[in-house]
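Worksheet for the structure shown next.
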Amino acid sequence: KSIEQTNRKDRDNAELAAGRQLLKELIPIIDEAFILIKRIKEGVASPVYRHIKLLLLNFEDVLARRKGSIIIPEVNDELDPELHKAVKVEEDPKHTGNTIVEVYRYGYSIYNQVIREAEVKVKCGTRK
């Protein structure tokens, strides 16, 4: 029984590692699809827009089945260091907290592990 449990655990670990590696390799492709969506206005080249949206929805479904997600922060969300990476900081002495003011790239998780944090610009109080 012990050998069987060890073999199952090894197979599970190999599957998790393969899933993480595959996601890392797919991220640049998915990033390009998000860039296309932002550049194509709905209605203009509508079939292309719909197909790219469908591709992204299908990708999101695949991640969800593997306990993952696309990390899509919103402007005015509070920075969560486990999900977001502040690549730019805007200081404002009147501001409290760390508020997202711009989103540069989405993040991704799989098997409840963040593979890449969402990259954001944050507004915060003046550092001392």
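The values are calculated or read from the model by the stated rules, or taken from the named source; none is laboratory data. Nothing here was measured: the structure is a model prediction, and the numbers come from that model. Positions of Cβ are backbone-derived with ideal geometry, glycine not excepted, and every protein chain shown enters the neighbour counts. Protein only, heavy atoms only, side chains kept; ligands, DNA and RNA dropped before computing areas. Shrake-Rupley method; radii C 1.70, N 1.55, O 1.52, S 1.80 Å.
Things to note:
- Screening GLY107 with (1) closer than 29 Å to ALA14 by Cβ; (2) small (Gly, Ala, Ser); (3) open to solvent by 40 Å² or more (accessible area, probe 1.4 Å) gives one miss only, at (3).
- Number of positions in the range 38-85 that are on the phi > 0 side of the Ramachandran plot and either in contact with a Cys (Cβ under 8 Å, 6 or more places away or on another chain) or not charged (D, E, K, R) (or both): 3
- Taken over the range 81-104, the criterion of being of a type in the set (Asp, Glu) and exposed (fewer than 14 other Cβ atoms within 10 Å of the Cβ) is satisfied by GLU82, GLU90, GLU91, ASP92.
- Scan of the range 1-42 for residues that are of a type in the set (Lys, Arg) and either modelled with pLDDT of 85 or more or part of a helix (DSSP H, G or I) (or both), ordered by number: ARG8, LYS9, ARG11, ARG20, LYS24, LYS38, ARG39
- Leading residue by the ranking (modelled with the lowest pLDDT) among those in the range 46-65 that are surrounded by 14 or more Cβ atoms within 10 Å (Cβ to Cβ) and over 21 Å from GLU117 (Cα atoms): TYR49
- Of the residues making up the range 1-36, those that are among the aliphatic types (A, V, I, L, M), closer than 24 Å to ILE71 by Cα, out of contact with any Phe, Trp or Tyr (no Cβ under 7 Å at 6 or more places or on another chain) and open to solvent by less than 90 Å² (accessible area, probe 1.4 Å) number 6.
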